[in-house]
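Asker: One structure follows; several queries about it will come next.
The values are calculated or read from the model by the stated rules, or taken from the named source; none is laboratory data. Bear in mind the structure is a predicted one, so any value in this text is a computation, not a measurement. Here the Cβ is made from the backbone with ideal geometry for all residues, glycine too, and neighbour counts use every protein chain on show.
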Amino acid sequence: MHEVLFVTSEMYPFSKTGGLGDVMGALPLSLHNKGVNTAVITPLYGRMNLDGNKVRLVYSDLHVGYPWSPITAEIYQVDYHGMPVYFVGRGEYFDRRHYYNTHTGDYFDNCERFIFFCRAVMKWARLLPEPPAVIHSHDWQSSLVPAYLHYARYEESFWKNTKSVATIHNLAFQGRFSGRLFNDSGLPMSAWHMDGAEFHGDFNMLKTGIAYSDAVTTVSPTYAEEILGPEFGCGLEGILAKHSGKLLGILNGADYKVWDPRDDKFLPCCYSSANLKGKRECKKTVLREFYMSDQLEDRPVLGFIGRIRDQKGVDMLIDIIPRLMEKEIGLIVLGEGNLMYEAQLLELMESYPGRLSVQVGYTEDLAHAIQAGCDIFLMPSRYEPCGLTQIYALRYGTPPVATAVGGLCDTITPYPSPEATGFTFAKADKKLFLSAIEQALSAWEDRESWMKMVQRAMDKEFSWDRSADEYIRMYRDLGARI
């Protein structure tokens, strides 16, 4: 019996575009290691990293019935560290270069793709010898599953004891589509109302999951409070307030098996809070790798890793780069997204050779190298449900400068506290951002005090072990048999 079946559109190391993939690569395994019988189901994309795992077909011709009656899916399986991971296969939906979109925008058939995925999940789960105790869906791509389960309970006793949980990793992405597409979802018309799937005449898949799940979680306590108001509620603050009694914020953890400078396969030299010599070697290496001036070995080097878009405050960073370059510092940027911002960053790089390096794209090895080789990490997010890169930065001894929002508030102790692990500024404003960086640069000059902050940051613990215990308590509070 699968006590908890996770439903997700991505899972590291198989697929990843951001934090969701990292979370799904760590949380299910953490529960599994605590004795919870977990499994994960996710799409079989054409561009996947199988990481040496053998994939086998376990079921063919699974009748899904959408968008036309004969359509079927294949179910594949990998045994991942002793935990089953299932993959829903259907070439025309998932065998694409990207998961959700290209630079020109979202795939036109995303609604159809993920209705198909959610229906396939329910069809596959119905074939299991016993129903899961909990089906735990993540973000809009799997948010129809709680609604399907809600209505299935009325039709089949098989589902009567199965509980549903919907986790919001980023409320801004809701899966909002034309209202006419609701008719293809397979949900009854009784779900089409303002407290259900309907949202200003449109079909909103995330809202549907919020309305019909037994519990809703977000990925940090502060974000769970923020989304109840209009500033961060993205138009869903009303439905969230209506269901606030089942809303819970559980802080994400970091997978320290992957992100730990004491044992990191991507680093030329490992290090710890007790012995930081290796961090200086990592800095020398990253400067060479990004063609930065050797003179920066003795000056602060700032790093940014993230999606190049407004949410991450990239526009603010672009605006202050000329001011930063006056301060004899270095800056390394890694990410991809908005083509205009990418072009602006690349143009600025030409103006500051050896001082500013921009790498469009993302690779794990470069992300680890930047975390280890930089002195200060920048995270000027307009909103941040949890954030993982600042948690990684703490562990790598790279104090973050971040906006005081969401999970950034829950993970960073701001300067000038005696227990400071980083720097925060009140809101997404480029003047406040620049001022916070200047504060960090000033603190960096006091080498003894700075090294103590670095050590405090590295010794902070945000493991999945703690978060997994909170999820187990929540499942049991719902009455799940775990």
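Asker: Going through the range 112-134 one residue at a time, which ones are under 20 Å from residue 204 (Cβ atoms) and in contact with a Ser or Thr (Cβ under 8 Å, 6 or more places away or on another chain)?
Answerer: 114, 115, 117, 118, 121
Asker: What residue, of 125, 147, 120, is within 28 Å of residue 311 (Cβ to Cβ), surrounded by 22 or more Cβ atoms within 10 Å (Cβ to Cβ), in the same structural domain as residue 74 (by TED's automatic domain parsing) and among the small types (Gly, Ala, Ser)?
Answerer: Unique residue meeting the criteria: 147.
Asker: Name the one entry in 46, 21 that is crowded, with 20+ Cβ neighbours inside 10 Å and either not polar (S, T, N, Q) or not in a helix (DSSP H, G or I) (or both).
Answerer: Exactly one residue qualifies, and that residue is 21.
Asker: Any chance the range 266-284 includes a residue that's crowded, with 20+ Cβ neighbours inside 10 Å, part of a loop (DSSP other than H, G, I, E, B) and of a type in the set (A, V, I, L, M)?
Answerer: Yes: one or more hits.
Asker: For the range 103-212, give me every one of the strands (runs of 3 or more DSSP E) that falls completely inside it and has 1 or more residues that are touching a His at 6+ places or on another chain (Cβ under 8 Å) and in contact (Cβ under 8 Å) with a residue 60 or more places away in the chain.
Answerer: Passing ranges, in order: 134-138, 163-168.
Asker: Let me ask you something else. Do we have residue 221 as over 22 Å from residue 5 (Cβ atoms), exposed (fewer than 15 other Cβ atoms within 10 Å of the Cβ), under 25 Å from the mean Cα position of the chain (by Cα) and modelled with pLDDT of 95 or more here?
Answerer: no
Asker: OK, next. For the subset of the range 350-365 comprising residues that are within 16 Å of residue 327 (Cα to Cα) and outside any strand (DSSP E or B), which member is nearest to the chain's Cα centre (by Cα)?
Answerer: Ranking the qualifying residues of the range 350-365, first place goes to 355.
Asker: Here is a check on your reading of the model: is residue 346 free of Cβ contacts under 8 Å to residues at least 60 places away in the same chain and assigned to a strand (DSSP E or B)?
Answerer: When the stated conditions are applied, residue 346 does not pass them.
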